[in-house]
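The values are calculated or read from the model by the stated rules, or taken from the named source; none is laboratory data. Values in this document were obtained by computation on a predicted structure and should not be read as measured data. Glycine also receives a Cβ, built like all others from the backbone with ideal geometry; neighbour counts cover every protein chain displayed. In case anyone asks, the SASA skips ligands and DNA or RNA and just uses the protein heavy atoms, side chains included. Shrake-Rupley method; radii C 1.70, N 1.55, O 1.52, S 1.80 Å.
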Amino acid sequence: MVFLGWRRLLHFCGRASFRKDLKQKQRGCLVWRCYRGRASGRHVDPELRMFLEQNTEIIDSGNLTPEIRLRLLTPNCRFWHDKAALWPYGEPYWAMYWPGGQGLSRYLLDNPKVAQKKKVLDLGSGCGATAIAAILSGASQVVANDIDPVAGAAMVLNCELNNIDPIPVLTENLIGTDIGKWDLIVLGDMFYSEELADSLSEWLKKCIQDYKTELLIGDPGRPYFVTNRIQRMLHKVSEYALPKSSPEEYNGSTKTVIWNYQP
């Protein structure tokens, strides 16, 4: 199962979508950068759209948010089983509905006032489920961030499935940059390596201190998250039991927790 191999690699080594070269320090206008990296329904490459539609399955069950429809890789898809070398794009981490993202999406849908009328940034958005949940919860503005452009295209298709306009997607690494004022930043399943965990905790702390941003983190208890110094500044706001249908996909995790970061 090739995708299981990718999942195991991701569990131990970290997401390719947030590379180790955290030296990007662009200070340009975020609005301009968002426009430059944005995908819209009219501009998804037709060949890529066809590939995604033919090699993913529409899912609306077996996760914490059945009201959100998503295109994901499942055992019914060809590339769940084929050799990784046959996949023509970067590793499809976006095609998995990770536990932290599921928890965040469920929390926003259950507590719409958290995002309602707010400017929301979904960091490491992947399939875009949490960004979609923010829109459905009444956020005034939502921007998704994932440096994999294929993830951005997949988000367009997922927005279409949920009858909402395409969400703007930033396709650059924002970690360490000045992203300006956001009311709420949400991120799930991002603490995959010690270096990334340290970089994230320091950068997020600065975002909160500089702009009074509210920050929510979804994580099922990964080692680099539970051992990071960020733990001393977290407030638990919710916990969800994960569906039992496919525990192998969650590396043994049985629950996911939502935390408020309060440095």
How do Asp198, Asp165 rank by accessible surface area computed with a 1.4 Å probe, from largest to smallest? Asp165, Asp198
I need the Kirkwood Rh of the range 87-127: take the reciprocal of the average 1/r across all distinct C-alpha pairs and report it in angstrom. 11.9
As a test of the definition: which semi-axes, in Å, follow for the range 79-220 when you take the square root of five times each eigenvalue of its alpha carbon gyration tensor? Largest first, please. 24, 19, 13
Determine the alpha carbon to alpha carbon distance for each of Lys119/Lys206; Lys118/Lys244; Lys212/Lys236; Lys205/Lys236 and list only those over 26 Å. Lys118/Lys244
Exposure rank, largest accessible area first [His81, His43; 1.4 Å]: His43, His81
Rg(Cα)/(2.2 N^0.38 Å) for the range 187-241, N = residue count: 1.10
Can you give the alpha-carbon Rg of the range 70-156 over 2.2 N^0.38 Å, where N counts its residues? 1.19
Amide hydrogen neighbours beyond the local backbone of Ile164, cut-off 5 Å, H modeled: none
For Cα pairs less than 8 Å apart in space and 6+ apart in sequence, what is the mean separation divided by the residue count of the range 45-261, i.e. the relative contact order in percent? 19
Rg/Rh of the range 150-253 (Cα atoms, Kirkwood Rh), to two decimals, equals 0.99
Distance in nm between label sites at Lys255 and Tyr89, each 7 Å beyond Cα in the beta-carbon direction? 3.5
